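Written out below as structure tokens is the structure these notes cover.
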Amino acid sequence: MLNVFYDDIADKEHNVLHLNSGRKIEYEKLVLATGSRAIEPPIDGIQRDGVMLINKDPEQIRKIKTEALEAESVVIYGGGYIGVELCDELLRAGKKITIIEKSKRLMPSSFDADTSNKVKEVIENLGGRVILDEKIKSVLGIDAVTGVKLSSDEVVDCDFLMICCGSRPNVDMAEKLGIIYDRDRGILVDEYFRTSDKNIYAVGDCAAKHDFFASDLSNVLTYNSKMEEAKLLGANLYSVIFNRGKMISYLSEKRNLKNRIKTELKKLEISNATKEYLHLSGL
């Protein structure tokens, strides 16, 4: 009963979607899960072969890592968590790696200065080169990348360039549908994942969530969090009262219930151990 259309939305009229193919689809509820895309920094020659933009998709990262293992010399632009992790793995695979970060230290938004300095030390001990407080100005080469020129005019040779400069939510659909969004942090949603149109929902990387600790919008999500968001939205799509729509309440209650069941099963095993012992497998 599941219909899949390889198409795109051109326009919306009330609760009817007009697709590019001319097809029309009427909906009661509409869920946007358009994800995010890797940020492409303004670098001359970035379209050359051997230049890869890295986003947060695990499958894409694994594929690009496989391609990087075939290269001789790799430059990683972006010293965030993903860039450092890729650097570490490629160094341990015996590759010549240079990691370039525009800030004064690695992983500036993830860890404190002491941890950043220790990470830099580990990379250098593995044979990697760390360049801080620098930007890539241009990619060198005729067809494929042969090196990069930095803002200081230093040239770093490489035959593979991985750009890890973060991701930006895909909000083009929000603009078409006339719902409120922030171009850098995503489609605005409430605690039930509803957008400014209460019959349209947004979930995952494309949706901007409120960060309790920062008291601001945030679009940072782990892979597991995105999966739980999708499950919660699917369960609550027609009844936002269920679990009051809050993911943290849903996950906590789910974990508490699982622990209570485990405790009761253990009690049952102990009470029947002397007579009718029956092992009950763990959840």
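The values are calculated or read from the model by the stated rules, or taken from the named source; none is laboratory data. Not measured: the values here are computed from a predicted model. Glycine also receives a Cβ, built like all others from the backbone with ideal geometry; neighbour counts cover every protein chain displayed.
Okay, here's what the table says:
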| item | result |
| --- | --- |
| Matching residues in the stretch 192-229 - criterion: being in a helix (DSSP H, G or I), within 20 Å of residue 167 (Cα to Cα) and modelled with pLDDT under 85 | 223, 224, 225, 226, 227, 229 |
| Hits in the stretch 19-60 (condition: free of Cβ contacts under 8 Å to residues at least 60 places away in the same chain, part of a strand (DSSP E or B) and more than 22 Å from residue 203 (Cα to Cα)) | 24 |
| Checklist (1) within 14 Å of residue 158 (Cβ to Cβ); (2) under 21 Å from the mean Cα position of the chain (by Cα) applied to residue 64, failing item | (1) |
| Number of the exception - residue 240 against (1) out of contact with any Ser or Thr (no Cβ under 9 Å at 6 or more places or on another chain); (2) exposed (fewer than 14 other Cβ atoms within 10 Å of the Cβ); (3) at pLDDT below 70 | (2) |
| Per-region count, the stretch 30-69, residues acidic (Asp, Glu) and surrounded by 15 or more Cβ atoms within 10 Å (Cβ to Cβ) | 1 |
| Single unsatisfied condition, residue 108 versus (1) within 23 Å of the chain's Cα centre (by Cα); (2) at pLDDT 90 or above; (3) closer than 18 Å to residue 131 by Cα | (2) |
